[in-house]
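Note sheet for the following structure.
The values are calculated or read from the model by the stated rules, or taken from the named source; none is laboratory data. Remember, it's a predicted structure, so these values are computed and weren't measured experimentally. For neighbour counting, all protein chains shown are included, and Cβ atoms are generated from backbone atoms with ideal geometry for every residue, glycine included. Ligands, DNA and RNA are stripped out before the accessible areas are found, and what is left, the full protein with its side chains, is counted by its heavy atoms. Shrake-Rupley method; radii C 1.70, N 1.55, O 1.52, S 1.80 Å.
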Amino acid sequence: MNAAVAQSPIVSITNVTKDYTLGKVVVPALRGVDLQVHPGEFISIAGPSGSGKTTLLNLIGCVDTATSGVVSVAGQDTKQLTERQLTHLRLHTIGFIFQSFNLVSVLSVFQNVEFPLLLQRKLDKNQRKERVNQLLEQVGLAHHAKHRPNELSGGQRQRVAVARALVTRPQLVLADEPTANLDSVTGQHIIDLMKELNQKEGTTFIFSTHDAKVMNHANAVVRLADGKILDRLTPSEAKRALAVGAEGH
Amino acid sequence: MGQLRLLMQVAFRNLFTSKINILIGGIIFFGTLLVVVGGALLDSMDSAMSRSIIGSVAGHLQVYSDDSKDELSLYGGMSGEPDLAVLDDFSRIKPVLEKHPNVKTVVPMGTSGALITSGNTVDLTLARLRDLYKKRAEEGESPALRANLDSVKSHVRQMVSLMEEQRNKSRELLSSAAVDPLEVEALARARTDAFWDTFEQDPFASLEFLENRIAPQLPDGDLLDMRYVGTDLDSFQRTFDRMEIVDGQPVPQGKRGMLLSKFYYENFLKLKTALRLDNIKQERDLNQKRIDTDPQLQRWVKENQTQPREILFQLDPIKTGQAVERLQKVLGSKEASLEKLLSEFLTTTDDNFDTRYQQFYAELAPLLELYRMRMGDNLTITAFTRTGYVQSINVKIYGTYQFKGLEKSAMAGVINLMDLMSFRELYGYLSPDRKAEIAELQKNSGLKAVDRANAEEALFGEESGNTLVAEATPGLIEDSKAFEGALGSLRRDDLASRVYSQQEIEQGVALSAAIILKDPEQLQQTMEELKQASTAAGLKLRVVSWQQAAGLIGQFVLMAKLVLYFAVFIIFIVALVIINNAMMMATLQRVREVGTMRAIGAQRSFILSMVLVETVLLGFVFGVGGALLGSGIMSALGSAGIPAGNEALYFFFSGPRLYPTLSAGNLIAAFVIVLLVSAISTLYPAFLATRVSPLQAMQTDE
Ligand SMILES: Nc1ncnc2c1ncn2[C@@H]1O[C@H](COP(=O)(O)OP(=O)(O)OP(=O)(O)O)[C@@H](O)[C@H]1O
Ligand SMILES: [Mg+2]
């Protein structure tokens with residue numbers, strides 16, 4: 001863990017604000033956030049609804065830009081990058097897991113997982129096949145390679161999504177409420193899977209969640225409220241804090 | 001490579017999952033079908049018609065004088081005959097054109113028209129009678145001649161009584177002249193025994209009375225419009241190999257003479273009753289029409305029933321008797337009046353038509369002159385020369401001809417062929433010997449110039465009556481008798497039997513010349529080169545393609561094509577709008593999917609190609625489907641042929657059936673259009689798709 005801290009951070013956020021403008025109304029979603037995430041971390045972002053979790057993940061995921069402040073991912077200041085370069089960065093450095101799985105419905109499980117590899121154009125056909133099968137094996141869907149997403153359960157679909165996010169061996173995987181559309185047991189399995197991959201491959205995970213049980217698996221819980229980071233806690237601290245919070249209410 | 005495969009896979013799978021795509025596919029399918037079938041049909045028609053035009057009179061190229069006011073229009077223009085300047089000397093033009101290596105033959109031509117009258121039946125019979133009396137005056141009377149004279153005389157007498165009968169029955173049947181009391185009196189006189197008893201005392205005076213006072217009362221001499229092409233007949237026949245002689249024989253080389261078009265001969269010179277029977281038969285056999293349902297057929301039957309006059313007048317008493325006898329037998333009737341018998345016989349129904357038709361040709365036809373003109377007859381053609389004189393010449397009819405495949409085409413069928421010498425005279429060009437003849441005649445009689453207005457009068461006015469078929473040249477010579485003079489007739493006989501040398505035929509005016517090329521593919525280029533060559537040789541010529549030379553008809557297919565392309569254009573504009581809208585909807589439906597791909601790392605260019613590949617594939621799949629069905633239809637049509645329903649279509653189909661073919665060009669054109677339309681109509685939706693933000697992947701609404 002200490003070794004990881006010593007490395008340069010994969011995500012470095014400094015004094016970032018993000019305002020949404022709805023007509024004439026300016027909604028401040030983030031108001032001065034600082035956050036450093038180091039390689040190999042498994043971080044949960046917690047906070048009440050509207051606190052800015054999704055906004056923060058979008059900034060880290062390079063799908064949105066900050067109003068002010070610096071967001072750098074894998075050592076690159078995202079402000080300085082063109083739209084093409086941002087896309088390139090997403091493709092090669094970041095994996096995404098979505099709340100509603102977001103698989104391409106007309107493609108098979110195999111093809112969905114293969115998709116980012118095809119975009120990357122780094123591996124040849126056999127290498128891709130090997131890699132995809134390996135990932136499907138890891139998420140336990142080796143026998144479902146030929147299936148279409150609509151033939152799978154929600155949990156299975158999210159596992160395909162996990163495989164897709166990890167198939168390119170990204171440094172960073174972002175997941176915005178990956179378990180929100182799943183029942184708690186299945187959600188648990190997905191988090192277990194993510195954790196397992198984090199430990200085995202050393203992939204950095206940042207995910208947001210409402211669920212306290214899900215938070216337990218994280219190395220650190222970043223608590224957001226009203227667009228600001230409250231604190232950065234260990235899971236047990238967070239559990240206590242939440243319990244206190246619950247008593248307080 | 002993998003990416004393209006992925007694109008194809010996404011596109012292919014999307015193809016049949018979306019209803020919108022099926023709709024777009026349907027439009028593309030029918031669009032392609034239309035382009036393939038319509039395009040192929042028109043192309044086939046185009047090449048069929050070009051065969052018709054090139055193979056009948058136009059050749060590949062036509063040249064004519066650049067001084068012409070109008071453009072050449074071989075089949076007649078919008079406002080009658082085009083005003084062309086003459087090519088003074090064809091023999092000067094020919095070598096210049098023939099020097100070009102791609103020119104096979106050059107045929108001189110001139111197209112013009114004239115009015116001819118076939119003369120009425122009384123006239124023709126009187127002319128025969130006059131000939132017989134002339135013969136008697138020259139050779140003396142023989143028993144055979146006497147019998148002949150008596151027979152024709154009684155025929156004339158029968159005609160007079162028929163006329164009287166008809167006049168009493170229905171005044172409309174006779175021309176207005178017949179109401180004139182003087183005419184009534186003349187008719188009455190011609191009916192008296194006294195007239196016929198004293199006929200022989202001065203047969204020529206009696207004939208003159210009948211010719212001048214009686215014949216004009218019968219209005220059955222038709223004025224016929226006749227178009228003719230004056231040409232080097234020999235060269236024409238060799239050059240236009242679709243031409244074939246049907247009746248008679250070709251005009252012997254170098255001689256004056258005419259070949260009537262078989263179509264013209266059948267449709268304008270045949271006995272009307274027979275023509276109507278032929279028409280009914282054709283409609284029944286070919287087009288499955290029925291007398292009891294088709295008003296046109298009923299009209300023909302009705303006309304046959306009520307207009308037996310042309311038959312009655314033709315028959316002399318002996319033949320009348322034979323006809324009565326035969327019809328009585330056929331009909332099992334005791335009726336004695338030929339008119340009533342004919343009317344009954346010609347009352348044809350769907351049940352008896354075929355027997356009656358066969359009986360008509362077996363029993364009645366041998367007694368009749370089925371055509372107003374026979375092979376070997378002389379036809380007198382009177383025409384306005386360019387200077388406004390009226391020129392009239394006799395031309396021998398040698399035969400009839402037709403263009404293979406265009407037998408039934410009215411368009412090609414109205415062209416009668418004439419030797420170039422006669423044509424030049426009618427056109428007002430005088431050959432050296434003709435000039436000499438006229439100079440001689442002018443010495444003998446005063447020359448009266450006739451302008452166009454007077455010429456009309458001179459031609460068709462009272463004096464000339466209905467006897468245009470005469471040896472007179474009314475406008476040119478004051479006294480028509482002058483032509484009857486020994487000199488005139490001698491010259492005429494001379495002209496008719498004269499053989500002209502090729503040099504004589506070629507040295508003189510023509511209005512245009514048809515050029516046949518060795519390699520028709522190089523038409524455009526040869527045309528340009530011939531233009532240059534003629535300019536270089538100091539000839540002021542216009543060189544035009546067969547298409548331009550054919551005038552309006554040549555433009556027909558072009559116009560049909562424009563209509564088709566316009567229709568296709570409209571359809572594709574509509575398709576464009578529909579596809580565009582449908583693709584917009586499809587894109588909106590897929591915003592989340594596109595957003596996801598963008599988030600995962602797909603560049604905008606990937607999204608653009610994804611949408612384009614999808615539409616192109618859509619266009620391809622349904623386009624191929626449409627093209628396949630189109631080819632299927634075309635090959636079915638190609639082997640069965642499309643029947644030319646009416647005679648106008650014969651020309652465009654170049655025969656009774658069009659066997660359309662599908663060229664690779666049609667398919668390629670259809671393909672290019674379809675792919676272009678689908679690609680264009682997707683550009684905007686595709687652009688919109690590239691603007692989808694990766695943030696839209698996060699939308700949770702499902
Ligand atoms: N596209 C947007 N336009 C305008 N305002 C927005 C937009 N997205 C988020 N916001 C606002 O920004 C603030 C932060 O929203 P965000 O979605 O980041 O919260 P969150 O913590 O993810 O909430 P939740 O737990 O409900 O997902 C909220 O007040 C929200 O209303
Ligand atoms: Mg959120």
### Task
Filter region A:72-113 for residues that are hydrophobic (A, V, I, L, M, F, W, C), in contact with a strand residue (DSSP E or B) (Cβ under 8 Å, 6 or more places away or on another chain) and within 11 Å of chain B (Cβ to nearest Cβ) and give the result.
A:L89, A:I94, A:F96, A:I97, A:F98
#### Entry: Matching residues, region A:13-54, being surrounded by fewer than 22 Cβ atoms within 10 Å (Cβ to Cβ), within 14 Å of chain B (Cβ to nearest Cβ) and under 23 Å from A:T234 (Cα atoms)
A:S49, A:T54
### Message
Show the residue pairs meeting these rules: Cβ distance below 6 Å; 6+ apart or different chains; first residue within region A:23-47 and under 17 Å from A:T209 (Cα atoms); second residue within 13 Å of ligand 1 (Cβ to nearest atom) and at pLDDT below 90.
### Response
A:S44/A:T209
### Task
Could you tell me which numbered condition B:F566 fails, if it satisfies all but one of (1) in a helix (DSSP H, G or I); (2) open to solvent by less than 70 Å² (accessible area, probe 1.4 Å); (3) in the same structural domain as B:I27 (by TED's automatic domain parsing)?
(2)
### Task
With respect to B:I93, determine if the residue is touching a residue at least 40 places away in the same chain (Cβ under 8 Å), touching a Phe, Trp or Tyr at 6+ places or on another chain (Cβ under 7 Å) and either buried (at least 24 other Cβ atoms within 10 Å of the Cβ) or among the hydrophobic types (A, V, I, L, M, F, W, C) (or both).
no
## Note on the structure
Of (1) open to solvent by 10 Å² or more (accessible area, probe 1.4 Å); (2) closer than 26 Å to B:V57 by Cβ; (3) at pLDDT 85 or above, B:Y401 fails just (1)
### Task
Please specify each residue of region A:74-100 satisfying the condition of being part of a loop (DSSP other than H, G, I, E, B) and more than 16 Å from ligand 2 (Cβ to nearest atom).
A:A74, A:G75, A:L81, A:T82
### Message
So, restricting to helices (runs of 4 or more DSSP H) that lie completely within region B:252-356, which ones have at least 2 residues that are touching a Pro at 6+ places or on another chain (Cβ under 9 Å)?
### Response
B:272-287, B:338-345
### Task
Could you tell me which numbered condition A:L197 fails, if it satisfies all but one of (1) assigned to a strand (DSSP E or B); (2) more than 16 Å from ligand 2 (Cβ to nearest atom)?
(1)
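Residue-by-condition table, conditions (1) of a type in the set (S, T, Y); (2) surrounded by fewer than 24 Cβ atoms within 10 Å (Cβ to Cβ); (3) under 25 Å from A:F98 (Cβ atoms); (4) in contact with a His (Cβ under 9 Å, 6 or more places away or on another chain):
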| residue | (1), (2), (3), (4) |
| --- | --- |
| B:L588 | no, yes, yes, no |
| B:R598 | no, no, yes, no |
| B:S605 | yes, yes, yes, no |
| B:S609 | yes, yes, yes, no |
| B:G641 | no, yes, no, no |
| B:S654 | yes, no, no, no |
## Note on the structure
Filter region A:55-71 for residues that are of a type in the set (S, T, Y) and either in contact with a strand residue (DSSP E or B) (Cβ under 7 Å, 6 or more places away or on another chain) or within 12 Å of ligand 1 (Cβ to nearest atom) (or both); the one that is nearest to the other protein chains (Cβ to nearest Cβ) is A:T55
### Query
What about A:G140, is it away from every other protein chain (no Cβ under 12 Å), part of a loop (DSSP other than H, G, I, E, B) and surrounded by fewer than 22 Cβ atoms within 10 Å (Cβ to Cβ)?
yes
### Message
Going by what's in this entry, would B:L297 be described as open to solvent by less than 70 Å² (accessible area, probe 1.4 Å) and under 30 Å from B:R157 (Cβ atoms)?
### Response
no
### Query
Which of (1) open to solvent by 10 Å² or more (accessible area, probe 1.4 Å); (2) part of a helix (DSSP H, G or I); (3) under 28 Å from A:V222 (Cα atoms) does A:V160 not meet, given it meets every other one?
(1)
